[in-house]
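Report on one structure; see the data block that follows.
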Amino acid sequence: MLQRVVFGQTRFNLPGLAADARGVVVGRQLAARFAAIDRLVAFLRLLSAEQSIDDLQPGLRIVYARGGAGTREAIVQMPIVSPGLADVVAHAARLAGGQTFTGTGKQFVQYRDARAPFGYDVAALADVAGDLVLHGTEQMVPYRIESEMPLAKLLLRLSLVRAARRGAGASFSDGPIYVTARRGLGPMLSAYLHRAAVAAPAGGGELRASAALCEGATASAFANAESFWLFRVERLPARMHGLLTRTPGLDVFVPVTDNVAVAAGYRHPIHLGSCRGSFPPDRLHLFSPGGVTEVAPLPVLAAIEDVVRVRAPEARAATASPRARPELALSLRLEAGGASSGPTVAALIPWKRVPWLQRLCYALPTSALRNYRVAPLERGVLVRASEVLEGIPFGTLFELAAPDVLVPVGMRLVPAVSPALLVDRLGATGGATVVFPERTGAPFRVPAEALVPLELRVVGALAPPIDDTMVNRPRAESVTDPVEIENRPMGPMPLWGLRGSGSEG
Amino acid sequence: MRPFVSDFLLPVVRGGPAHVGRPMGLAAVARLMRDLPLNDDAVLAKLDACRSAIALRVSPVAIPPPLDETSMRLGLALHDLLALGHPALGGGRSRRAERVAAAALELASIGAPPTAREAVNRHSLLARLPEIVRVDRTVHYWLGRQTFLGRKPPPRVTSMPRLRRVRIEETSRSWLREIGIPVVGRQAFLALNVASPLGEALDPLRLDPPVAWGRILPVLRFPTLARVVAGQAVAAGVDRSGDALADALYRFASFHDAPPGIDASPDSVAFALRFLAHIVWLDVLFGGRAADKTESTEIDHSLEPGVDLAVMMTAAARTARTLVWPADVPDSGDLADAFRTRLDELASRAQIHGMPRYAAAAGIAELAASPATARVTLQPTV
């Protein structure tokens, strides 16, 4: 049973209550009660919009408690750190569909409302067991605390809310943004940003970017194996927004605090800016619709100029370069070189001879199937051995003129420049192979990823290539468009379709 | 037949506007199946291709999932659930809504999938349930405003935009997370989850309705799908997903899961504990711990995820070793030492942070290890 407090009252039955300067009775703590977790989230959202949650720490607790009637409810306990806090909390709780109580220890009484502007006090204390006792105007409920939900855990578990309609195009302010890129995309994105930064007009609006390669990003043990590039970009031009947001493998995050960022186009249900203390300062938290990525420790970002890769010129560029300097430069030529100078390491088998290769694979030893690598090209199948190619007596056989530079057996390259220079100028680096197929033909380059082990390739079927690269695979059906409800008119009798079913009526 | 498949089922699987109209009951299934001879139709081919693409994410599929009676019932049940939010039905508490929800419940009540292939087939139809959104449009004009839930405003409302000062606000809301299932349709939605539990099993971190062992256990009994679910749990973070599954195990073992779904039994609780241990084993086998730090009682690490999992695993390991240790793994060797070290780490975390929950976890482990009741054969007395 509660009684209203009158102005000037100084003695209260509930221990821990006191009147403040306005005469309003408050305890040292507040407790807000909610019947469901969605109301709790709504309360935290409203409260975080008006009040910094960090100011309530330490002492903010979110507990699940079971009441005397058996209902399970969420209760938020917090200390009263400033005189106006109680009214802010009570307002937010009322909006979210909860109730506010004040008190000290385990006894709480309902906070003031329109019927009792100075608050309430209990008529008599009841001796009931429980971890928390909430005295309301209608009933007194003892609660037994069952579990506690830390605020940080709640923040990490909540799903993001879409802030803009999907497909409407993302746009974000000129402030800094974070971009994560799959490991393979990182060098290309850094080169792109570097070119954009160099091409930008001088003045105050130039693009600035820095990058870091993050290893072992999250607390998950499996995520340790994944590494990705993290870019911090400032003053990104609007024309590049679409590219960063729509390219698969790139994710854009907008910083909320120094070490928390949320995916562009989304927002967290709770204002994270007021919960800085819930996130350790030595980690970067990236909230995305798929979950939270924690980068620990904070990445050290290097300037994009130091990250961008300097590429070697392409093989065709090397052969075409003599036009620029006709008086000195020469094009490379193949000439008969007499006896072979090294082992045979590769063979280019035309497509009409591929059935021979298929039959031969039944006889090749395991080591050959494992060590030989093949690349289906437009003119045939290139078979490459790491050391010596044995057991393939047809097709054009190749030997090494320089590391990863192949010439037909018995031929040599003239002028006889050093192998290191050949490798450098022809671009036979990073596992790529440069092949001079015949005396009059132009050389071509086979990237490292096009060469796959023979045993993997023979499992599937060898098919002619499309455009001098790997064989294209059949395209899978895309299921990435958003699913949107479109309500159609139901007509004058909307339940007409239910007739004849087993349901009522 | 064709409008329902092309205008609703295909968009639900492939993406795009899914048209929701008059709700349909169980009698419509037979009628739709009777009008099915559209095997050469491009729409059915697209639906097969899209369902195959979704099914391939979880299992190697040689033939596309068939559009059979079960698929039709699940599709109609989902359609009716979406129709509960249709403004023509007059809100979620009307008598009309109760009838539609009853029809949806009847359609969705087909029980758990009997085979792994059937589970994948059903999942291929309902996998994109969490991605369904509804775009609400509010048209403001000089005399007021008008709201259209999930449909485009008619031209008469937006005509003469400059003169009437027409402005359209669009709000996209997720059907599951923001709009929510009406109370009358909640039982039908749970029945839909029972019929196709793979989606729920692959998303252990969802908040509402929370993951329930009673619904996902039937699909975890299939080893191929259990491996996919375990892989997804590990990819989402062993600590976070382990916490969510351990939380769910408290509810399951104490019979607090909302029906429908299988009831807890010593056998099923033991299976759930072994599945949790399997996730930890995967982490030990293929993952590496970032840093082995010594736990201190003076530093509060209870905010970090993984405490619930640590408490549950420690209770299971101390109660019965067979709950966490597979029979075909030897006691000695590097692997055994690594797992033993992990158990010790979990035990130290549980000792420091999780003691209030330890008693409940130990009770669950004891139930799984040595059931309090056992079947007995009653002999007739003469």
>> Conditions first: (1) at pLDDT below 90; (2) assigned to a helix (DSSP H, G or I); (3) within 12 Å of chain A (Cβ to nearest Cβ). B:ARG162 passes all but one, so which condition is the exception?
In response: (3)
> Which one of B:ARG156, B:ARG186 is more than 14 Å from chain A (Cβ to nearest Cβ), outside any loop (DSSP other than H, G, I, E, B) and out of contact with any Phe, Trp or Tyr (no Cβ under 8 Å at 6 or more places or on another chain)?
Replying inline: B:ARG156
> Of all residues in the stretch A:178-196 being under 16 Å from the mean Cα position of the chain (by Cα) and assigned to a helix (DSSP H, G or I), which is surrounded by the fewest Cβ atoms within 10 Å (Cβ to Cβ)?
Replying inline: A:GLY186
>> Looking at the stretch A:3-36 only, could you name the residues that are outside any loop (DSSP other than H, G, I, E, B), surrounded by fewer than 19 Cβ atoms within 10 Å (Cβ to Cβ) and in contact with an Asp or Glu (Cβ under 9 Å, 6 or more places away or on another chain)?
In response: A:GLN3, A:ARG4
> Which residues, taken from the stretch A:103-146, are over 22 Å from A:VAL89 (Cβ atoms) and in contact with a Pro (Cβ under 9 Å, 6 or more places away or on another chain)?
Replying inline: A:LEU125, A:ALA126, A:VAL128, A:ALA129, A:GLY130
> Which residues, taken from the stretch B:314-345, are touching a residue at least 40 places away in the same chain (Cβ under 8 Å) and either of a type in the set (Asp, Glu) or touching a Gly at 6+ places or on another chain (Cβ under 9 Å) (or both)?
Replying inline: B:THR314, B:ALA315, B:GLU345
> Does B:PRO204 satisfy the condition of being in contact with a Ser or Thr (Cβ under 9 Å, 6 or more places away or on another chain), buried (at least 19 other Cβ atoms within 10 Å of the Cβ) and either of a type outside the set (Gly, Ala, Ser) or assigned to a helix (DSSP H, G or I) (or both)?
Replying inline: yes
> Among A:TYR178, A:TYR120, which is the only one that is of a type in the set (Ser, Thr, Tyr) and closer than 30 Å to A:ARG208 by Cβ?
Replying inline: A:TYR178
> Based on what the data block shows, is B:LEU32 over 25 Å from B:ALA226 (Cα atoms), in a helix (DSSP H, G or I), more than 9 Å from chain A (Cβ to nearest Cβ) and at pLDDT 85 or above?
Replying inline: no
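Report whether or not B:GLY90 is touching a Lys or Arg at 6+ places or on another chain (Cβ under 9 Å), over 19 Å from B:LEU26 (Cα atoms), free of Cβ contacts under 8 Å to residues at least 60 places away in the same chain and surrounded by fewer than 24 Cβ atoms within 10 Å (Cβ to Cβ). Full working, then the answer.
On the way: touching a Lys or Arg at 6+ places or on another chain (Cβ under 9 Å): yes; over 19 Å from B:LEU26 (Cα atoms): yes; free of Cβ contacts under 8 Å to residues at least 60 places away in the same chain: yes; surrounded by fewer than 24 Cβ atoms within 10 Å (Cβ to Cβ): yes.
In short, yes.
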> So which residues in the stretch A:88-105 are more than 13 Å from A:LEU46 (Cα to Cα) and without any contact (Cβ under 8 Å) to a residue 24 or more places away in the chain?
Replying inline: none
>> Among the listed residues A:ASP55, A:ASP127, identify the single one that is surrounded by fewer than 19 Cβ atoms within 10 Å (Cβ to Cβ) and in a helix (DSSP H, G or I).
In response: A:ASP55
> Is there a residue in the stretch B:123-139 that is assigned to a helix (DSSP H, G or I), in the same structural domain as B:SER52 (by TED's automatic domain parsing), over 23 Å from B:ALA101 (Cα atoms) and under 30 Å from the mean Cα position of the chain (by Cα)?
Replying inline: yes
> If we scan the stretch A:450-460, do we find a residue that is at pLDDT 80 or above, in a strand (DSSP E or B) and over 20 Å from B:ALA18 (Cα atoms)?
Replying inline: yes
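The values are calculated or read from the model by the stated rules, or taken from the named source; none is laboratory data. Since this is a predicted model, take the numbers as computed values, not measurements. FYI the Cβ positions are ideal-geometry reconstructions off the backbone, even for glycines, and counts take in every protein chain you see.
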